[in-house]
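J.: The structure under discussion is supplied below as structure tokens; questions concerning it will follow.
The values are calculated or read from the model by the stated rules, or taken from the named source; none is laboratory data. Note that the coordinates shown come from a computational prediction; the quantities given were computed from them, not determined experimentally. No Cβ is skipped: glycine too gets one built from the backbone with ideal geometry, and neighbour counts run over all protein chains shown.
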Amino acid sequence: MIWLFKSDELKVDEYFIFDVNDINFDITKYDISLYFGHSKYFLLDESNDGVYFLQFKGEGVNPNRFNLMVGSPYHKMVKSFYDIERRDRKLNELLD
């Protein structure tokens, strides 16, 4: 699974989950609005915990993906949010 995070000011505002295994998947195929001018977007590859920054290339074009260094502020923000959200999802599955 690939997670997409929208961030403003070092906090995650919202996220989306894609049932794909390739970090370079075609994000333009999905009905999702990306406002690169107002927010930063990041992808997390659940298979290896890699965190990638998305850079706008143009409308209708897949954004560039840049691997973030472990320990950088945005990497920590995304990874921390992901860890908490994943834990909560697993707990909810157990309770259902």
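J.: Given the conditions (1) at pLDDT below 95; (2) over 13 Å from the mean Cα position of the chain (by Cα), which single one is not true for P73?
T.: With (1) at pLDDT below 95; (2) over 13 Å from the mean Cα position of the chain (by Cα) applied to P73, the lone miss is (1).
J.: Filter the range 84-96 for residues that are at pLDDT below 90 and either hydrophobic (A, V, I, L, M, F, W, C) or exposed (fewer than 12 other Cβ atoms within 10 Å of the Cβ) (or both) and give the result.
T.: Across the range 84-96, the qualifying residues are R87, D88, R89, K90, L91, N92, E93, L94, L95, D96.
J.: Could you say whether any residue in the range 55-71 is on the phi > 0 side of the Ramachandran plot, out of contact with any Asp or Glu (no Cβ under 7 Å at 6 or more places or on another chain) and in contact (Cβ under 8 Å) with a residue 24 or more places away in the chain?
T.: Taking the range 55-71 as the starting set, the residues that turn out to be on the phi > 0 side of the Ramachandran plot are 58, 60, 71.
Subset that is out of contact with any Asp or Glu (no Cβ under 7 Å at 6 or more places or on another chain): 58, 60, 71.
Applying the additional criterion that residues be in contact (Cβ under 8 Å) with a residue 24 or more places away in the chain yields 60.
Yes, the range 55-71 contains a residue that is on the phi > 0 side of the Ramachandran plot, out of contact with any Asp or Glu (no Cβ under 7 Å at 6 or more places or on another chain) and in contact (Cβ under 8 Å) with a residue 24 or more places away in the chain.
J.: Only one of (1) assigned to a loop (DSSP other than H, G, I, E, B); (2) surrounded by 12 or more Cβ atoms within 10 Å (Cβ to Cβ) is not met by S33, so which one is it?
T.: (2)
J.: Now, a different point. Name, by its number, the condition in (1) within 17 Å of K6 (Cβ to Cβ); (2) modelled with pLDDT of 90 or more; (3) not β-branched (V, I, T) that does not hold for S33.
T.: That leaves (2) as the condition not met.
J.: Can S7 be described as not in a strand (DSSP E or B) and not charged (D, E, K, R)?
T.: When the stated conditions are applied, S7 does not pass them.
J.: Considering only residues that are more than 20 Å from N21 (Cβ to Cβ) and of a type outside the set (K, R), which ones fall in the range 39-52? Steps first, please.
T.: Residues of the range 39-52 more than 20 Å from N21 (Cβ to Cβ): 39-40.
Passing the criteria: only S39.
J.: Here's another thing I want to ask about it. Could you look through the range 56-83, keep only residues that are hydrophobic (A, V, I, L, M, F, W, C) and surrounded by fewer than 18 Cβ atoms within 10 Å (Cβ to Cβ), and pick out the one that is nearest to K6 (Cα to Cα)?
T.: Taking the range 56-83 as the starting set, the residues that turn out to be hydrophobic (A, V, I, L, M, F, W, C) are 56, 61, 66, 68-70, 77-78, 81.
Cutting the leftovers down to surrounded by fewer than 18 Cβ atoms within 10 Å (Cβ to Cβ) gives us 56, 61, 66, 69-70.
Details: F56: 13, V61: 18, F66: 15, M69: 18, V70: 19 Å.
Result: F56.
J.: Could I ask something else about it? Which of the residues spanning the range 36-55 are loosely packed, with under 10 Cβ neighbours inside 10 Å, within 16 Å of S7 (Cα to Cα) and at pLDDT 85 or above?
T.: Kept after step one, since they are loosely packed, with under 10 Cβ neighbours inside 10 Å, are these residues of the range 36-55: 37-38, 48.
Those left that are additionally within 16 Å of S7 (Cα to Cα): 37-38.
Matches in the range 36-55: H38 only.
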